[in-house]
Amino acid sequence: MEQFEFNYPAKRKIPKRAHVGVVGSGDLEVLLEPIDSPTASVRIRTSVDGFKTTWKAVLDRFFGRYDGAVHIEINDAGATPGAVSLRLQQAVEASES
Amino acid sequence: MSSAISSREYLQRRSFIELDARTRAKSLFDSRTDRELAGPFDRIESPWLPLQGVTPQADDGCIVMRGTIGGRQAVVIAFDGAFQGGGIGEVSGAKLTSALDLACRDSQEGKPTSAVLLLETGGVRLQEANLGLAAVAEIISSIIALRQYAPVISVIAGPIGCFGGMSLAAGVSSYIVMTPEGRLGLNGPEVIEEESGVEEFDASDRSLIWSIYGGQQRYNQGLVDVLVDDDANQMIETVRDLIAQGIPEVHRSQQVDLYRSRITALDTSTQWDPAVVLWSAASLARPTGRDQRPTDDKKEHHQ
């Protein structure tokens, strides 16, 4: 298992927290919570070692469009980059609905 | 049953199995009465899994919700089969036990609180072996304590089913509800195949596995109180009815003589065919269909 953290600038306060997904094979769990400072932090724990650059690429792309001030925790059980992006979008949707 | 519903009804029904554990639990409560206890943001997760290189889940795969069902106090504990096969670890076991104990305390204080266990579990989580086993022992004693005051209902809906120590927990509950897709057994098919060889038991033979462990078989054997289709509305109605019905006069696990006599009556000199119902309809005098109530067991017991 590997753990790492990424930080991004953020502008917008978000209304509420959200929890989506499950730590099942090929899937992941996302916990998304609003924070007060204008930043976004992401902590990832993944069961598959050696993919830090891929995680960074997926998150760079996500935060290229998302400006919420959040702390995100991801518990991953080998999800593909596509699955990660979809879960992140789902968490955002849940936090703004 | 499945054969009786049209394809249109089949397509339009709301599957219970397809709901995730949290949504299953929530669906049982009266609208807006539910609240989750020790949820994912409380981050009560397994301390043992990361040490073994396994990613933990923020709720340890166990969802606890409190609210009312049909106007009566209830707690629902749901296991997430997608996380570690729904396996019981130290934390998920403690969540279940605490929920049952709180329900028991409330019941003793004059506020009867039923428990509904949504079981989707292979039993003890092997990474937490001894702690999981200890948890199962605690779960069983907590169920037996609570069932004196309020019904404990085990629901085995999905294809993971309920195995190992948790099948014992289901066995001591007041009522068991299954779907034909569910499975119930002590030793799972893979375990038997591993131990005794594929000639003894072929775990890849799905029709064989379901003909032995499946909801229909367990219901025919009289080990399950209600068999429902995979339909959320039917499931909600069934759970509500059983809670309203209250504690059974005699719990299944108290009927030691009945089950001992059934086992004694089994002829093991020839290979049992799953198509032939054990303790057949003649001896059980059970009609088939959904409107089964555990009163049949009691009649049988008193005969």
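State the percent of C-alpha pairs, over all pairs in the protein assembly as shown, separated by a distance greater than 36 angstrom.
So the pairs more than 36 Å apart make up 30 percent of the total in the protein assembly as shown.
Measuring nothing but protein heavy atoms, the accessible surface of segment A:2-96 at 1.4 Å probe radius is 52 percent carbon and sulfur.
Sorted largest first, the spans of the alpha carbon positions of segment B:53-151 along the three principal axes are 46, 23, 18 Å.
For segment B:25-118, with only Lys/Arg (+1) and Asp/Glu (-1) charged at the beta-carbon, what is the dipole magnitude about the Cα centre, in debye rounded to 20?
On the way: 9 positive and 12 negative charges, 59 e Å.
Dipole magnitude for segment B:25-118 comes out near 280 debye.
Under the convention that each Lys and Arg Cβ holds +1 and each Asp and Glu Cβ holds -1, the size of the dipole of chain A around its Cα centre is about 300 debye. Applying D = kT/(6 pi eta Rh) to segment B:124-252, where Rh is the Kirkwood radius over alpha-carbon pairs, T corresponds to 20 °C and eta to 1.002 mPa s, the Stokes-Einstein value obtained is 137 µm²/s.
For the options B:GLN221, B:GLN254, B:GLN127, a Gaussian network treatment of chain B with springs between C-alpha atoms closer than 10 Å singles out B:GLN254 as fluctuating the most.
With +1 on each Lys and Arg Cβ and -1 on each Asp and Glu Cβ, how big is the dipole of segment B:7-293 about its Cα centre, in debye rounded to the nearest 20? Don't jump to the answer; show the numbers that get you there.
On the way: 26 positive and 38 negative charges, 226 e Å.
It comes to approximately 1080 debye.
Have a look at segment A:19-64 and report residues whose accessible surface goes down by 10 Å² or more when the remaining protein chains are included, against the chain on its own, probe 1.4 Å, ligands and DNA/RNA excluded. The answer is A:HIS19, A:VAL22, A:VAL23, A:GLY24, A:GLU29, A:LEU31, A:GLU33, A:ARG45, A:SER47 - residues whose exposure falls by at least 10 Å² when every protein chain is included.
Based on the Kirkwood radius over alpha-carbon pairs, what value in µm²/s does the Stokes-Einstein equation return for the translational diffusion coefficient of segment A:2-96 at 20 °C and 1.002 mPa s? Provide the component values of the computation, followed by the final result.
Values: Rh = 13.0 Å.
This corresponds to a translational diffusion coefficient of 165 µm²/s.
Can you give me the C-alpha center-to-center distance between segment A:1-29 and segment B:133-209, rounded to a whole angstrom? What the calculation gives is 34 Å, centre to centre. From largest to smallest, the equivalent ellipsoid semi-axes obtained for chain B from the alpha-carbon gyration tensor read 28, 24, 20 Å.
The values are calculated or read from the model by the stated rules, or taken from the named source; none is laboratory data. What you see is a predicted model; the values in this text were computed from it and never measured. FYI the Cβ positions are ideal-geometry reconstructions off the backbone, even for glycines, and counts take in every protein chain you see. Side chains are part of the model used for accessible areas, which takes the heavy atoms of the whole protein and leaves out ligands, DNA and RNA. Shrake-Rupley method; radii C 1.70, N 1.55, O 1.52, S 1.80 Å.
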